[in-house]
Amino acid sequence: MRLIFIRHGDPDYVNDSLTEKGVREAKLLAQRVAGWKDIDEFFVSPLGRAAETASYSLEALGREGTTCDWLREFAYRVDDPITGRNHVPWDFMPSYWTVQDDMSDRDKWIDNALLNSNPKLKDRYKEVVAGIDNILAGYGYVRDGRIYRTDHKTDTWGPGLERPEQDHTLCFFCHFGVTGYITGHLLGISPMQILHGFFMPPTGVTILASEERIPGEVAFRAQVFGDTSHLLGKEPVSPAGYFTNIFSE
């Protein structure tokens, strides 16, 4: 199983749409996606900036996407204890979040006092992981603790064996925040580590694939995170969601 997560283009958050730059990014992305002939399904956030981004790629392929409400951005706000701002539940100051040991714990982060100051957050997270797990279960990948199980019976990889082709590929057009929560769940780490330690630029492509080194026992590993090679030499990478300068090749 291969999972591809794509962040929307450069956003106009006020109007929940793309900026002119975001449209250019989305059209360049569509040229890349047009070569992806083996995508089983596309799933799209209901928010305008993600739906607009997806529209160019889906048109290029002559495909349609399934809109999933649980893919909308994870926007349940909390009061930042350092700045006093009421904002989405990430981008906390390093002096705060790095000393909150439970935020880095793959099990305890969800019970962090600050995150739980918004009582809707935990239920929303459960909805998100149920959404991705239900889709995977439909393809025969069933969550069992921190891994997934399949009914595959034959060797899939090992010394002297060829690495198998991925049996299915799914593509999700959504947002950095919700992708952070999903990938944390899939990789077995706290999403706070992803949301504070990684950057997923607008139209960035993140790819996770299943590894089945023991038949029927599946774990996911990231191949790339936030790749924007489709913009290289054509459009600058947008810094939206980044707090330093973009390295430009």
Residues of region 191-228 classified as free of Cβ contacts under 8 Å to residues at least 24 places away in the same chain and either basic (Lys, Arg) or within 26 Å of Trp90 (Cα to Cα) (or both), total: 5
Considering residues of region 186-208 that are more than 26 Å from Ser238 (Cα to Cα) and touching a strand residue (DSSP E or B) at 6+ places or on another chain (Cβ under 9 Å) only, the residue surrounded by the most Cβ atoms within 10 Å (Cβ to Cβ): Leu186
Looking only at region 78-110, and only at residues there that are surrounded by fewer than 15 Cβ atoms within 10 Å (Cβ to Cβ) and touching an Asp or Glu at 6+ places or on another chain (Cβ under 7 Å), the one that is nearest to Ile189 (Cα to Cα): Lys108
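Restricting attention to region 50-72, does a residue exist that is at pLDDT below 95 and assigned to a loop (DSSP other than H, G, I, E, B)?
No: zero hits.
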Close pairs from region 10-26: first touching a residue at least 40 places away in the same chain (Cβ under 8 Å), partner surrounded by fewer than 18 Cβ atoms within 10 Å (Cβ to Cβ) and assigned to a helix (DSSP H, G or I), Cβ under 6 Å, at least 6 apart: Asp10/Lys21
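Scanning region 99-124 for residues that are among the hydrophobic types (A, V, I, L, M, F, W, C) and free of Cβ contacts under 8 Å to residues at least 12 places away in the same chain, which turns out nearest to Leu195 (Cα to Cα)? Walk me through how you get there before you give the answer.
Filtering region 99-124 down to residues among the hydrophobic types (A, V, I, L, M, F, W, C) leaves 99, 103, 109-110, 113-115, 121.
Then drop every residue that is not free of Cβ contacts under 8 Å to residues at least 12 places away in the same chain, which leaves 99, 113.
Numbers: Val99: 16, Ala113: 18 Å.
Here the residue is Val99.
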Within region 1-37, tally of residues that are touching a His at 6+ places or on another chain (Cβ under 9 Å), part of a loop (DSSP other than H, G, I, E, B) and under 30 Å from Thr150 (Cβ atoms): 1
Selected residue (criterion: nearest to Ser95 (Cα to Cα)) from residues of region 66-81 that are of a type outside the set (A, V, I, L, M) and in contact with a His (Cβ under 8 Å, 6 or more places away or on another chain): Asp80
Residues being part of a loop (DSSP other than H, G, I, E, B), touching a Leu at 6+ places or on another chain (Cβ under 7 Å) and among the hydrophobic types (A, V, I, L, M, F, W, C) - total across region 77-117: 1
Selection status of Phe42, of a type in the set (A, V, I, L, M, F, W, C), within 19 Å of the chain's Cα centre (by Cα), in a strand (DSSP E or B) and closer than 22 Å to Met192 by Cα: no
Single residue of Glu73, Glu127, Glu59 found to be within 29 Å of Ile4 (Cα to Cα), without any contact (Cβ under 8 Å) to a residue 40 or more places away in the chain and either acidic (Asp, Glu) or crowded, with 18+ Cβ neighbours inside 10 Å (or both): Glu59
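The values are calculated or read from the model by the stated rules, or taken from the named source; none is laboratory data. All of these numbers come straight from a predicted model, not from anything done at the bench. Neighbour counts are summed over all protein chains in view; Cβ atoms, including those assigned to glycine, are modelled from backbone coordinates with ideal geometry.
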